[in-house]
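The values are calculated or read from the model by the stated rules, or taken from the named source; none is laboratory data. Since this is a predicted model, take the numbers as computed values, not measurements. Reconstructed Cβ throughout: ideal geometry from the backbone, glycine too, with neighbour counts over all protein chains shown. Quick note on the areas: whole protein, heavy atoms, side chains included, nothing else; ligands and nucleic acids left out. Shrake-Rupley method; radii C 1.70, N 1.55, O 1.52, S 1.80 Å.
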Amino acid sequence: MNNTSDPIASQPLIAADEPGPADVILADGSSPLFLICDHASCAVPRSLSALGLPDDERRRHIGWDIGAAEVSRLLSAQLDATLVMQNYSRLVIDCNRPPQVADSIAQCSDGVVIPGNASVNIADAEQRRRAIFEPYHAAITAQLDAREARGQHSVLIAVHSFTPVWQGKARPWHVGMLYHHDARLALALGAALEREPGTVVGYNEPYDVSDESDYSIPVHGEQRGLLHVELEIRQDLIANEAGQQYWAALLARLLPSLMTFP
Ligand SMILES: [Zn+2]
């Protein structure tokens, strides 16, 4: 990006009047719970011309985690818990993938070709990483560092949602507890949710966590030694306000008693 005579190369990815890469809500939250929402938004910076996708495609599950932002906001408010949200579509750059993996900037998702990602070169990918991925994770790191410095415990909850049908198959779980090296909170919350009548809990369903497919839990949870879980809630259950309220209230009721510290 040293060719300043080239107006394209010097154009910022995110314009001054657009949202920044991340929002921190309740930075001084008193709860040990620390919420993150990697796939909160389906927005695309204007400079990327909607990635060549029609609005209805971008607003499907391929663009974001439907309902996850609303559940996260409600849970944050109910528990006075800090929440860090990512403000752009995972199709711009997936903030829960290591930037070096192919899926970081998806060429295709659930059978839909993403035109704006077809010709992304190294410089384009680097611009997206610097403008969105890095500042989002830096915001999480700064919050966690500040909490540690003031002696406040942090329990990391990554809130996601999943599409109810994938490649023609209905997914039976209402909620998935995802984990890799540290299952403590995933198993405890899963057991508490299973005691709720009619709730179908999956463990490492519909996905699991790995260092190749995930970034947030390995880096901010495992590497820091924080109690953590990646939550996946089925999108049809949190597509409307009543469902979002139900799941936020349920999690707000169950989570506080599960937080233990060495
Ligand atoms: Zn997600």
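Quick one: is Y179 of a type in the set (F, W, Y) and closer than 23 Å to T199 by Cβ?
yes
If I ask for residues that are outside any helix (DSSP H, G or I), at pLDDT 95 or above and within 14 Å of the ligand (Cβ to nearest atom), which ones from region 93-140 would you list?
If the condition is that a residue be outside any helix (DSSP H, G or I), at pLDDT 95 or above and within 14 Å of the ligand (Cβ to nearest atom), then I93, D94, C95, N96, R97, A106 are the ones that fit.
Check whether at least one residue in region 73-83 is assigned to a loop (DSSP other than H, G, I, E, B), open to solvent by less than 30 Å² (accessible area, probe 1.4 Å) and in contact with a helix residue (DSSP H, G or I) (Cβ under 6 Å, 6 or more places away or on another chain), and report yes or no.
No, region 73-83 has no match at all.
Is there a residue being open to solvent by 60 Å² or more (accessible area, probe 1.4 Å) and touching a residue at least 60 places away in the same chain (Cβ under 8 Å) anywhere in region 160-178?
No, because not a single residue in region 160-178 is open to solvent by 60 Å² or more (accessible area, probe 1.4 Å) and touching a residue at least 60 places away in the same chain (Cβ under 8 Å).
Taking region 12-36, which residues are over 12 Å from I132 (Cα atoms) and of a type in the set (A, V, I, L, M)?
Across region 12-36, the qualifying residues are A15, A16, V24, I25, L26, A27, L33, L35, I36.
I need the full set of residues from region 144-163 which are in a loop (DSSP other than H, G, I, E, B), under 22 Å from the mean Cα position of the chain (by Cα) and more than 14 Å from the ligand (Cβ to nearest atom), in order please.
H153, S154
From the set of residues in region 194-246 that are among the small types (G, A, S) and under 20 Å from I62 (Cα atoms), which is least open to solvent (accessible area, probe 1.4 Å)?
Residue satisfying both the conditions and the ranking: S216.
For the structure I just gave you, tell me whether D65 is among the acidic types (D, E) and open to solvent by less than 10 Å² (accessible area, probe 1.4 Å).
yes
Within region 37-50, count every residue that is assigned to a loop (DSSP other than H, G, I, E, B) and of a type in the set (S, T, Y).
The total comes to 1.
Could you tell me how many of the residues in region 119-175 are out of contact with any helix residue (DSSP H, G or I) (no Cβ under 7 Å at 6 or more places or on another chain) and more than 28 Å from N204 (Cα to Cα)?
Count: 19.
Hey, does region 51-64 have a residue that's under 22 Å from V155 (Cα atoms), within 16 Å of the ligand (Cβ to nearest atom) and either assigned to a loop (DSSP other than H, G, I, E, B) or touching an Asp or Glu at 6+ places or on another chain (Cβ under 7 Å) (or both)?
There is no residue in region 51-64 that is under 22 Å from V155 (Cα atoms), within 16 Å of the ligand (Cβ to nearest atom) and either assigned to a loop (DSSP other than H, G, I, E, B) or touching an Asp or Glu at 6+ places or on another chain (Cβ under 7 Å) (or both).
Residues to consider are A191, A186; find the one that is in contact (Cβ under 8 Å) with a residue 24 or more places away in the chain, open to solvent by less than 40 Å² (accessible area, probe 1.4 Å) and farther than 20 Å from A239 by Cα.
A186
State which residue pairs qualify: first residue over 30 Å from A125 (Cα atoms) and inside region 14-41, second residue open to solvent by 10 Å² or more (accessible area, probe 1.4 Å) in any location, beta carbons under 6 Å apart, and separation of 6 or more residues or different chains.
Matching pairs, first to second residue: G29/D80; S30/D80; S31/L79; S31/D80; P32/H153; P32/M259; L33/L79.
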